[in-house]
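Every number here is computed from the coordinates shown, using simple stated rules; none is lab data. Predicted model, so just to flag it, every value in this text is computed and none were measured. Virtual Cβ from ideal backbone geometry, glycine too; neighbours counted across all protein chains shown.
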Amino acid sequence: MIKIGIISDTHGIVHPEIVELINKCDIAIHAGDIVDMQVIKKLNPLQKVVAVQGNNDGHMECFDEVETLDLPGGKLVVEHGHRHGHHEPCHDSLRSTYPDARIIVYGHTHKQIIDESKKPLVINPGAAGEIRNYGSAKCLTIHIKSPEEWDIKSHKFN
């Protein structure tokens, strides 16, 4: 089994319980608006950290705007989402850009979303920090039990 922890929109601060959860995962994903490299340094998953630049990360040139992970059962694509609609990224635009993905991960809105209405699935972990977190810091995990079985779980911390 592979466990993936997904966060976004930390804006320099990540909730300590999210760090604890992410550090028990095999892979950590940050979908942008990191702002401060100290956030990334706190993430110590078992295998690796994958992060992308958000619209507030122009100073973080070590990260690309899009990352792709080839995983058992499909491809997971990560981008911040702001290029697909300024306030609310368009899921159809994301899907047409990455039609061969199994799951597309984005951030930007600070709102947690799991859109399973069409394929590929489109998910947003919500804000993992203190800025516009709508009452709680949030993240997602994906448990890949087999190439056919990927379970997405929502996590919220006050």
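Side notes on the structure shown:
- Listed residue pairs exceeding 21 Å between alpha carbons, taken from K41/K145; K42/K75; K3/K138; K48/K145; K42/K119; K118/K138: K41/K145; K42/K75; K42/K119; K118/K138
- In terms of its C-alpha gyration tensor, region 77-145 comes out oblate, because a/c is 1.5 or above while a/b does not outweigh b/c.
- Counting all C-alpha pairs of region 1-150, share separated by more than 27 Å (%): 13 percent
- Other residues whose C-beta falls under 14 angstrom from the C-beta of S136 contribute a net charge of +1, scoring Lys and Arg +1 and Asp and Glu -1.
- Cα convex hull of region 1-56, projected area averaged across orientations, nm²: 3.3 nm²
- Sites listed here are GluC sites (Glu not before Pro) in region 25-84 whose DSSP assignment is loop and whose Cβ has at most 10 other Cβ atoms within 10 Å: E61.
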